[in-house]
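These notes are about the structure you will find just below.
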Amino acid sequence: MLTMEKTADYVKRWVAAFESKDLDRVLDFYSNDVIFHSPLVARLSHDPSGTVQGKAALRAYVKKGFEVFDHIKFTVLDVLRGVDSIAIHYKGITGTHVVEVLFFDKDGVVRESYVHYASPE
C-alpha cells in the first residue's frame, strides 16, 4: 500500500515534471506498455477512442500537448490513495477540475491512467 509520504512526494514530482514540459522526465513515470485514457486524447489526436497505448504513443500525445499549451500549471486539490493506485484531483491547464487515476505496476510506474474532466459550466 502507498504511504501518505510516498504519495505526496510522487505527486509533487509528477506535477513538477509536467509543469517543466520536460518530455523525458514526464515519460519516466510511465511503463513501456502504458495505456492512457483521456478525452483530451480524442481532442488533440482526433482519435475518438481517447486512448493511447504504449510509451511511444504517449510520447507523441504529450509532445502535442506541450506544443498546444504554452504554459502548464496544475493546482492539486486532493490526492486519494488506493492499494496500487492514486487519484489526483487538480485544476488543469484551463482551470477545469480534473481527476486523474494512476494505476501502478509492481515496479511503481504507471501501467494505466484514466483522466476525467469536469463538465463545462
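The values are calculated or read from the model by the stated rules, or taken from the named source; none is laboratory data. Predicted model only: the values in this text are computed from it and were never measured. Quick reminder, even Gly has a Cβ in these numbers, built from the backbone with ideal geometry, and neighbours come from all protein chains shown. The accessibility values were calculated without ligands, DNA or RNA, using every heavy atom of the protein model including side chains. Shrake-Rupley method; radii C 1.70, N 1.55, O 1.52, S 1.80 Å.
Listing for the model above:
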| quantity | calculated |
| --- | --- |
| Subset of the range 90-121 that is under 11 Å from the mean Cα position of the chain (by Cα) and open to solvent by 40 Å² or more (accessible area, probe 1.4 Å) - its residue that is farthest from residue 29 (Cα to Cα) | 116 |
| Filter result for residue 114 (over 20 Å from residue 20 (Cβ atoms), in contact (Cβ under 8 Å) with a residue 60 or more places away in the chain and in contact with an Asp or Glu (Cβ under 9 Å, 6 or more places away or on another chain)) | yes |
| Of the criteria (1) assigned to a helix (DSSP H, G or I); (2) in contact with an Asp or Glu (Cβ under 7 Å, 6 or more places away or on another chain), which one residue 35 fails | (1) |
| Residues located in the range 8-42, provided they are among the basic types (Lys, Arg), out of contact with any strand residue (DSSP E or B) (no Cβ under 9 Å at 6 or more places or on another chain) and surrounded by fewer than 14 Cβ atoms within 10 Å (Cβ to Cβ) | 13 |
| The range 45-70 - residue that is farther than 18 Å from residue 21 by Cβ and assigned to a helix (DSSP H, G or I) and, of those, least open to solvent (accessible area, probe 1.4 Å) | 57 |
